[in-house]
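> I have a structure I would like to understand better, so I am pasting it below and will then ask my questions one at a time.
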Amino acid sequence: MPDQPLAVADCAIDAVAACLDAAADLAETRTGRRPDVLLDPAHVAAAVRSEALLRDRAGNGIEGFAPLSRLWRAADGWVRTHANYPWHRAALLRALGDDVGTAIAARAATEVERMVYEAGGLAVAARTTAAWRADGPLIRIDPTGGAVRPVPLDRVRVLDLTRVIAGPVGTRMLAALGADVLRVDDPNRPELPLHAVDGTIGKASTLLDGATPDGRRTLDRLAGEADVIVTGYRPGAMRKLGLAPDQLAERHPGKVVATLSAWGTGEIWGDRRGFDSLVQVATGIGWACSADGVRPGALPCQLLDHATGYLLAAGVLEALAAGQGAHVSVSLARTARWLLDRPPGRAEEPFDPDAYRVDLGGGWTGIAPPGRLDGVPLRWPREPAYGAAPPEFTRPA
C-alpha cells in the first residue's frame, strides 16, 4: 500500500461542502437568509460510490466496466484502455486488432496511446505525477454578459447535455437542491444501462437528435428557455450544434454555461475524450495508488468524476448568485491535481451504505443526495426514467 494515502475522503467532503455552501449563498442572495448546512462524512463516502451502490429489486448492481476497459502491460510500461461504449470498443479493435493484449505488449505505451486515439478510441499510458501538470483554477468562472433571471433555485431551469458520471452527478445535485433539470441524449448513441439509471436520477430525461433540423431547433429553443446549460463532451464537440459557450453567449445572453472536460481546455490534450479511469493513470494517481510500485493502482472510487461533478454544481450556483451570464469550466485533470497537491488525508471511516439508501422508483434503490439544509435532508425529486419525457421543462418559468 502507499505510505501516505491520498486525501480521497477530504476531497470528496470538500467538493460536496462547496456545492452546499454555494447553494446556501444563492439562497441568501434571493431571500436574505442563509440556511444552515449540515454534512455527514459517511453519507459523502456512500454518495461518491453511487453507481457502484445502485441496486435493482433483486439486489443486483450493474457492472460498470466492459472487459476491454482495463489496465494492460505494454512493452515499456502500462496502458489503460476504455471501451465501455460500443463505438469506443470498435475504435480500439480497429487500432489494435482482435488480440488487444498481444498488440499492446509488443508496443511502447505511448505508441499504443497514439494509435488508439488516432483511431477514435481511448487509451492512456501510465505516467508519473511529474509528467503531467494541469494548472489553472479548480473552478473557472468567466463572465459572458447579460443578467441571469433573479429567481429562486426551484425556478431555475437546467439543460443537461452530459453523460457518464461527473456531469450527471453535478446536474442531479442541482435537481436535489430544487432546480428543474432536463437531460437530453442522442438516440443514435444510447446510454449504457448503468448510467441510464444513475445519470437520470432526479431529472426529466428525453431523446433528441441534434443532427436533424428539427432537433437543432428544439435544442436551441431549450437553450433559450434554460437558465443554465451544462455540457460534458470534449471541448469543441458542441460547436457543430451551436452550443459552444461563445455561441450561446451571443444568441442567449444572461445564461450560465458550464462545461466539463476530461483534460481541460488549453491543455495539451484539450480536444481529447477521456474518463475518470484514464485521467487517474495519465496524471500519476495510478502510481500514487500502486500497492507494489510495479503495477499502477486506482482510487477506491471514481473520485475525480464525483468531486468534479459537485464542483461543477458549486460553480453554477456561484455564477447564479453573482447574477451575470458566465462560463463555468471544470475538468477531471484539474481535480486530479487538486487531489495530488493536498497533504496526506485521513483514512476513510467504515460506513454502512444502507443507512443512506432510498427507493429511487422503478424497482431501483440508490444513495440519497448528501447534505441537509436547515436540518432538512435533500431528496431526489424524480425517479430515473431514461428517455421517457418530452423535450420540455417540467415547471413554468
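> Could you check R334 against (1) assigned to a loop (DSSP other than H, G, I, E, B); (2) under 21 Å from the mean Cα position of the chain (by Cα); (3) among the basic types (K, R) and say which number it fails?
(1)
> What number of residues in the range 46-60 are open to solvent by 20 Å² or more (accessible area, probe 1.4 Å), in contact (Cβ under 8 Å) with a residue 60 or more places away in the chain and in a loop (DSSP other than H, G, I, E, B)?
Number satisfying all stated conditions: 3.
> Related question: With the structure loaded, tell me whether L92 is buried (at least 17 other Cβ atoms within 10 Å of the Cβ) and within 26 Å of the chain's Cα centre (by Cα) or whether it fails that test.
Yes: the conditions hold for L92.
> Let me ask another. Being of a type in the set (K, R), over 17 Å from the mean Cα position of the chain (by Cα) and open to solvent by 60 Å² or more (accessible area, probe 1.4 Å) is the filter here, so list the residues in the range 123-163 that pass it.
Matches in the range 123-163: R133, R149, R155.
> Considering E113, E118, which residue is modelled with pLDDT of 95 or more, over 21 Å from V330 (Cα atoms), out of contact with any Gly (no Cβ under 8 Å at 6 or more places or on another chain) and buried (at least 17 other Cβ atoms within 10 Å of the Cβ)?
Being modelled with pLDDT of 95 or more, over 21 Å from V330 (Cα atoms), out of contact with any Gly (no Cβ under 8 Å at 6 or more places or on another chain) and buried (at least 17 other Cβ atoms within 10 Å of the Cβ) holds for just one of E113, E118, which is E113.
> Which of the residues belonging to the range 164-184 are at pLDDT 95 or above and either open to solvent by 30 Å² or more (accessible area, probe 1.4 Å) or over 17 Å from A314 (Cα atoms) (or both)?
L182, R183, V184
> Taking the condition of being among the acidic types (D, E), part of a helix (DSSP H, G or I) and open to solvent by less than 20 Å² (accessible area, probe 1.4 Å), how many residues in the range 185-217 meet it?
Residues flagged as among the acidic types (D, E), part of a helix (DSSP H, G or I) and open to solvent by less than 20 Å² (accessible area, probe 1.4 Å) within the range 185-217 amount to 1.
> Any residue in the range 222-233 that is open to solvent by 10 Å² or more (accessible area, probe 1.4 Å), of a type in the set (S, T, Y) and either farther than 25 Å from L303 by Cβ or touching a His at 6+ places or on another chain (Cβ under 8 Å) (or both)?
No: the range 222-233 contains no residue that is open to solvent by 10 Å² or more (accessible area, probe 1.4 Å), of a type in the set (S, T, Y) and either farther than 25 Å from L303 by Cβ or touching a His at 6+ places or on another chain (Cβ under 8 Å) (or both).
> Looking at the range 156-169 only, could you name the residues that are in a helix (DSSP H, G or I) and within 22 Å of E392 (Cβ to Cβ)?
G167, P168 - these are the residues of the range 156-169 that are in a helix (DSSP H, G or I) and within 22 Å of E392 (Cβ to Cβ).
> Inside the range 308-329, can you point out the residues that are touching a Lys or Arg at 6+ places or on another chain (Cβ under 9 Å) and either open to solvent by 10 Å² or more (accessible area, probe 1.4 Å) or at pLDDT below 95 (or both)?
Hits for the range 308-329 are A321, H327, S329.
> Something else about it: Quick check on R80: is it under 28 Å from A288 (Cα atoms) and surrounded by 15 or more Cβ atoms within 10 Å (Cβ to Cβ)?
yes
> List pairs: first in the range 318-340 and without any contact (Cβ under 8 Å) to a residue 12 or more places away in the chain, second open to solvent by less than 20 Å² (accessible area, probe 1.4 Å) and assigned to a helix (DSSP H, G or I), Cβ under 6 Å, 6+ apart or cross-chain?
none
> Six or more apart or on different chains, Cβ atoms under 8 Å: show the pairs whose first residue is in the range 368-384 and in a loop (DSSP other than H, G, I, E, B) and whose second is buried (at least 21 other Cβ atoms within 10 Å of the Cβ) and acidic (D, E).
Close Cβ pairs (under 8 Å, with a partner that is buried (at least 21 other Cβ atoms within 10 Å of the Cβ) and acidic (D, E)) amount to P384/D198.
> Taking only pairs six or more apart or across chains, which ones have beta-carbon atoms under 9 Å, a first residue in the range 64-76 that is within 18 Å of V164 (Cβ to Cβ) and touching a residue at least 40 places away in the same chain (Cβ under 8 Å), and a second residue that is hydrophobic (A, V, I, L, M, F, W, C) and not in a loop (DSSP other than H, G, I, E, B)?
If the second residue must be hydrophobic (A, V, I, L, M, F, W, C) and not in a loop (DSSP other than H, G, I, E, B), the pairs left are G64/A52; G64/L194.
> While we're looking at this one, here's another question. Given the criteria buried (at least 16 other Cβ atoms within 10 Å of the Cβ), in contact with a helix residue (DSSP H, G or I) (Cβ under 9 Å, 6 or more places away or on another chain), closer than 29 Å to G286 by Cβ and not β-branched (V, I, T), does L26 qualify?
So L26 does not fit the description; no.
Residue-by-condition table, conditions (1) surrounded by 20 or more Cβ atoms within 10 Å (Cβ to Cβ); (2) modelled with pLDDT under 95; (3) part of a helix (DSSP H, G or I):
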site: L219; (1), (2), (3): yes, no, yes
site: K240; (1), (2), (3): no, yes, yes
site: G264; (1), (2), (3): yes, yes, no
site: G270; (1), (2), (3): no, yes, no
site: S277; (1), (2), (3): yes, no, yes
site: Q280; (1), (2), (3): yes, no, yes
site: D292; (1), (2), (3): no, yes, no
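> On to the next question. Out of the range 242-256, which residues are hydrophobic (A, V, I, L, M, F, W, C) and in a loop (DSSP other than H, G, I, E, B)?
If the condition is that a residue be hydrophobic (A, V, I, L, M, F, W, C) and in a loop (DSSP other than H, G, I, E, B), then L243, A244 are the ones that fit.
The values are calculated or read from the model by the stated rules, or taken from the named source; none is laboratory data. What you see is a predicted model, and the numbers here were worked out from it, not measured in a lab. Quick reminder, even Gly has a Cβ in these numbers, built from the backbone with ideal geometry, and neighbours come from all protein chains shown. To get the accessible areas, we keep the full protein, side chains included, count just its heavy atoms, and leave off ligands, DNA and RNA. Shrake-Rupley method; radii C 1.70, N 1.55, O 1.52, S 1.80 Å.
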